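The values are calculated or read from the model by the stated rules, or taken from the named source; none is laboratory data. Bear in mind that the values here come from a model prediction, so they are computed numbers and not experimental data. Glycine gets a Cβ as well: all are built from the backbone with ideal geometry, and neighbour counts include every protein chain shown. Surface areas here come from the heavy atoms of the whole protein model, side chains and all, with no ligands, DNA or RNA. Shrake-Rupley method; radii C 1.70, N 1.55, O 1.52, S 1.80 Å.
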Amino acid sequence: MLKTLKILYHQGKQYIPDLTKAKVPGIFRGRPEISLEQVDVKALADICPTDAIMPDPVRIDLGRCTFCGECSRLYPGKIRFTTDYRLSTNDRKMLIISEGAVDPIRLNPDLIRKEIHKIFSGSLKLRQVSAAGDNSCELELNACGNVNFDMGRYGIEFVASPRHADGIVITGPISRNMSEPLQMTYDATPSPKIIILAGTDAISGGIFESSSAIDRRFIENNHIDLYVPGNPVHPLTFINGLLDLLGITR
Ligand code: SF4
């Protein structure tokens, strides 16, 4: 007993008490800020491996950005990545960051379906579908339930079967091979159900966007309730996005 108490005392608090105000290390790349500095915008846009940078005015689409950091490394006065991990939104347009913009990314309350607050704010079970993911976002989603992030404190958990789930979380660009299993998983989830896209690959296809091996008709044909940018997503980005979607006040 004494030994256990000593270990507990030595380790201190393992969980993050307030997930909305947690600090992340400075090396984390979160919401970018684009200054008004004059640069060769074409050269800047050409750097980007996923065409996430658009010129005139300069904008970055976080749904396409892999957060590689190359643009800020070569143009540090023009693009700076902050440590703001609150990147999730339900409005695809909000993921496009413009020159001079410093506003945080938030959800559009008008786009949140009414039943989401009413039915899921006390308990939300999710089925994760790795649709040709590379296991990076999947690992981070697993971390959401660990002792540090403890997403379960809000009643949010991943479950094994879509029949026990209230929605699906898609990772990966969705290969042709995974398009049917994805549709079957969605069909097996009882209504009303939500769809969350976690990570750059799921939101836009990422570096696989133009590949003939992917099939994104599922995304085009269904309403997306939450976009969670990141490559991979950070647990704080995912959890804070869900809290906002569910209207959970901390
Ligand atoms: S950090 Fe994003 S916007 Fe910048 S070059 Fe990499 S992918 Fe493109």
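Brief remarks follow.
- Residues of region 115-142 that are out of contact with any strand residue (DSSP E or B) (no Cβ under 9 Å at 6 or more places or on another chain), assigned to a helix (DSSP H, G or I) and free of Cβ contacts under 8 Å to residues at least 40 places away in the same chain: LYS118 alone.
- Screening THR189 with (1) within 22 Å of LEU87 (Cα to Cα); (2) buried (at least 20 other Cβ atoms within 10 Å of the Cβ); (3) of a type in the set (Val, Ile, Thr) gives one miss only, at (1).
- Restricting SER212, SER179, SER204 to those that are open to solvent by 40 Å² or more (accessible area, probe 1.4 Å), at pLDDT 95 or above and among the hydroxyl-bearing types (Ser, Thr, Tyr) reduces the list to SER212.
- Close contacts from region 143-161, counting a first residue that is open to solvent by 30 Å² or more (accessible area, probe 1.4 Å) and in a loop (DSSP other than H, G, I, E, B) and a second that is modelled with pLDDT under 95 and among the hydroxyl-bearing types (Ser, Thr, Tyr), with Cβ to Cβ under 7 Å and a gap of 6+ residues or different chains, come to VAL147/TYR15; ASN148/TYR15; ASP150/TYR15.
- Matching residues in region 208-223 - criterion: being more than 20 Å from LYS114 (Cα to Cα) and assigned to a loop (DSSP other than H, G, I, E, B): GLU209, SER210, SER211, SER212, ALA213, ASP215, ARG216
- Selection from region 224-250 of residues that are modelled with pLDDT of 95 or more and either open to solvent by 10 Å² or more (accessible area, probe 1.4 Å) or assigned to a loop (DSSP other than H, G, I, E, B) (or both): ILE224, ASP225, TYR227, PRO229, GLY230, ASN231, PRO232, VAL233, HIS234, ASP244
- Once region 64-89 is narrowed to residues that are closer than 11 Å to GLU33 by Cβ and surrounded by fewer than 16 Cβ atoms within 10 Å (Cβ to Cβ), the residue that is nearest to the ligand (Cβ to nearest atom) is ARG80.
- Yes/no for LEU44 being of a type outside the set (Ser, Thr, Tyr), open to solvent by less than 40 Å² (accessible area, probe 1.4 Å), away from the ligand (no atom under 15 Å from the Cβ) and touching a residue at least 12 places away in the same chain (Cβ under 8 Å): no
- Hits in region 192-223 (condition: among the small types (Gly, Ala, Ser) and in contact with an Asp or Glu (Cβ under 9 Å, 6 or more places away or on another chain)): ALA198, GLY199, SER204
- Members of region 90-111 that are more than 15 Å from the ligand (Cβ to nearest atom) and over 20 Å from GLY26 (Cα atoms): ASN90, ASP91, ARG92, LYS93, MET94, GLY100, ARG106, LEU107, ASN108, PRO109, ASP110, LEU111
- Test: residue in region 3-10 that is within 12 Å of the ligand (Cβ to nearest atom) and of a type in the set (A, V, I, L, M, F, W, C): no
- Any hit, region 49-60, residues being more than 7 Å from the ligand (Cβ to nearest atom), crowded, with 20+ Cβ neighbours inside 10 Å and either within 20 Å of PRO235 (Cα to Cα) or not hydroxyl-bearing (Ser, Thr, Tyr) (or both): yes
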